[in-house]
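Before we start, here is the structure in question, set down as structure tokens.
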Amino acid sequence: MGLSLGVGMLVDNSIVVLDNIFRHLTELGQDRMEASENGATEVIIPIIASTATTIAVFIPIVIREGRAKEIYKDMAYSITFSLLASLIIAITFVPMVSSRILKSKNTVHEEGRVLKYIKKYYSKILSNSLKHKAIVIISMVALFIGVVGYGARNIGGEFMPTTDDGIYSIIAELPSGMEIEKANRVAKELESIVEKDSQTKKFISSVGKEAVSIIVDIGPKSDRDKKVQQIMGETRKKISHIPDVKLNLVPRMAFGRGTGRDITLILKSDDLNQLGYVSKVISEKMAANPGFTDINNSMVNGNPEVRILLDRKKMEYYGVKVNDLTLSVSYQILGGAPIKIKTANEEVDVSLRLAEEFRNSPEKIKEMRIKSQNGGVVKLKDIATFEIGEGAYGIDKEDKITMVTIDANTSNGLDLVTGQKYIKEILDEVGLPKTITYSFGGSGRNMAEVNEQLKFAFMVAMFLVYFILAAQFESYILPIIVMGTVPLSIIGVYSGLLVTGQKTNTMVFVGIIMLAGIVVNNAIVLIDYIKILLERELPLDQAILEAGKTRLRPIFMTTMTTVFGMVPLSLGIGQGSEMYKGMAIAVIFGLIFSTLLTLILIPVLFYVYEVGKKKISKYI
């Protein structure tokens, strides 16, 4: 996949070298040997710097341990080494072949009508921009704030893109203690519904006491007109009537109760009763939002239990203490060892409790007799009421603190980031007690972890790019001007996501990191030639206009090769292609926007820099 992402970038260096050799051959009238040598020598520094900046952005990803490295290191290595190979080819093989096969021409090469038309209007736009520098700079800043601000509020997010692999799983979580025969009946009902679905090709089932799992094969997405999410939604409606099960439908192969859902909320407290109440309220409010489905609360769906609710006034009237009642009920149901029998060799505990027929139902428990302090006996049903409920499936703890999890899948367009925002609003509405803390687990925790690592990688990448540019231009200010292309690319990224309806995810963030190394290449090539023309003593404005026209063709060509190399990935064709679709869209739109805006903004910033430098030098 790294080669698929980098295929368009592999020819960029060769394009720049070949274009400059061709210009020396045709426009400057040099023979092919001289043109090959001079053309390659003139651009060797900028293409080395361009390749170094592209490679540098991947270094922070692979040097820091973490989930981001595990996911993206193979892609980073493949792109890095393929770009190094393309650089070697561009500065050795391309000039050598050009010196042998290109034909010498004594006339200026006639450019195509489209390119002549573009150059003509670009020169006019660039000339006007140099006359209205403040307007250009303010417009770019306003455009960045507007697009990024609007996109950040309206574009949702997810951890990893959901792929359509032609498989989905139905997990029916069963109440604890259900007999295997009843679980099998649930499985048969699910199988009957799945089998009747026209989208089903084949399926396999797994039946256990805790859960029934059915993996459904619906075939490749090219053979059907519905996405896997749509088919899952239809199936969910068909099976929602089945009682006493918690459903969990996921677009991948999965087995058993432990299969994770899209969103996980974790509540922690030492007060189990408080956790139970708060988690129930939150679950009910989440259920009211159609975007949440397959909601599961770890405090429910556990073992059935009989709860004894004591009437304190009646206990006081009959003279029964809570401790006495607790011990008496415990001994009668669970048993105790009040008698020890000693033999010559050992001591044997004798456990006493009620016979099975007197403790096997709630009605029998109600008839238990409790001894009062005055020596009388009272039945348990006279001093307490009973209710049958569902206990926790289990009591989970983290760092010795009791933990409750609420899991849910997302549907109807709701994504992970938007879902977490909605849950935070619920928590603010409910008003969590100070004794309860919350956090997000599952995909939310993974997303936060990877995003933190990618933010670190982005910052380090920016420093590396800056130092590479500083070494090339021998300036501390020019690299900042060149790196002004990065915010311009982010304008394109958010615009692309808004236009295509894609969500932000870790793949999109990797695309932004890639752009940080790619988009500066155009500015490097442009500014490097402006400096060459200034060394030939051309006036500043003339040097900028001439460099813009001269470098327009290679800039467009390198941009288009990278863009067209990403187009197949952006179309989402084939199994699992959704994984890289968002990244490809981010790179395509980011590169196009940054290229178009770079051709205007960077010359303006360079002009301001040169004029400011001359003014400052007068006072030094």
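I need the semi-axes of the equivalent ellipsoid of region 500-620: take the C-alpha gyration tensor, multiply each eigenvalue by 5, square-root it, list largest first in whole angstrom.
Gyration-tensor ellipsoid for region 500-620: 37, 15, 9 Å.
Based on the Kirkwood radius over alpha-carbon pairs, what is the Stokes-Einstein translational diffusion coefficient of region 164-251 at 4 °C with 1.567 mPa s viscosity, in µm²/s?
99 µm²/s
Work out how much length residue 150 to residue 179 would gain on full extension: take 0.36 nm times their residue separation and subtract the Cα-Cα distance, in nm to one decimal.
My answer for the length gained is 5.0 nm.
Restricted to Cα positions, what overall size does the chain have along the principal axes? Three whole-Å values, descending.
121, 63, 55
Quickly rank 121-128, 442-449, 481-488 as a protection proxy: mean count of other C-beta atoms within 10 Å, highest first.
Final packing ranking: 481-488, 442-449, 121-128.
With runs of 4+ DSSP H residues as the only contributors, calculate the mean residue ellipticity of the chain at 222 nm using -39,500 (n - 2.57) per run, divided by the residue total and rounded to the nearest 500.
-19500 deg cm²/dmol, from helical runs alone.
If you don't mind, there's one more thing I want to ask. What whole number of Å gives the distance from the Cα centroid of region 559-620 to the Cα centroid of region 16-70?
16 Å
Past 18 Å, Cα to Cα, is the threshold; run 69/581; 285/424; 268/455 against it and keep the listed order.
Pairs exceeding the cut-off: 69/581; 268/455.
Given a 1.4 Å probe, how much area per residue of region 303-391 is accessible, in Å²?
73 Å²
Same structure again: Extending each Cα 7 Å along its Cβ direction at residue 217 and residue 201, get the distance between those two points in nm, one decimal.
A separation of 0.6 nm, rounded to one decimal place.
For the peptides 35-41, 415-421, what is the packing order when you average, over each peptide's residues, the other Cβ atoms within 10 Å and list the highest mean first?
Top of the packing list down: 35-41, 415-421.
Once R0 is set to 51 Å, what does the formula 1/(1 + (r/R0)^6) return for the Cβ-Cβ distance between residue 371 and residue 434, expressed as a FRET efficiency to the nearest 0.05?
0.75
Can you tell me which of 135-146, 281-292, 518-529, 10-21 comes out highest on packing, and rank the rest after it, using the mean Cβ neighbours within 10 Å?
Peptide ranking by packing, descending: 518-529, 10-21, 281-292, 135-146.
Could you please state how large a percent of the accessible area of region 303-391 is carbon and sulfur, counting protein chains only and using a 1.4 Å probe?
51 percent
Given 0.36 nm per residue, what is the gain on full extension from residue 123 to residue 141 after removing their alpha carbon distance, in nm?
4.2 nm
Now for a different question. How much area per residue is accessible in region 1-109 when the probe is 1.4 Å and only protein heavy atoms are counted (Å²)?
47 Å²
Give me the distance in nm between label points sitting 7 Å out from Cα along the Cα-to-Cβ direction at residue 316 and residue 133, one decimal.
Simple spin-label model gives 8.8 nm for this pair.
Please state, rounded to one decimal and in Å, the Kirkwood hydrodynamic radius that region 402-558 gives when every pair of distinct Cα atoms enters the mean of 1/r.
19.6 Å
The values are calculated or read from the model by the stated rules, or taken from the named source; none is laboratory data. Quick caveat, the model's predicted, so the values are computed rather than measured. Positions of Cβ are backbone-derived with ideal geometry, glycine not excepted, and every protein chain shown enters the neighbour counts. Side chains included, ligands, DNA and RNA excluded: accessible areas come from the protein's heavy atoms. Shrake-Rupley method; radii C 1.70, N 1.55, O 1.52, S 1.80 Å.
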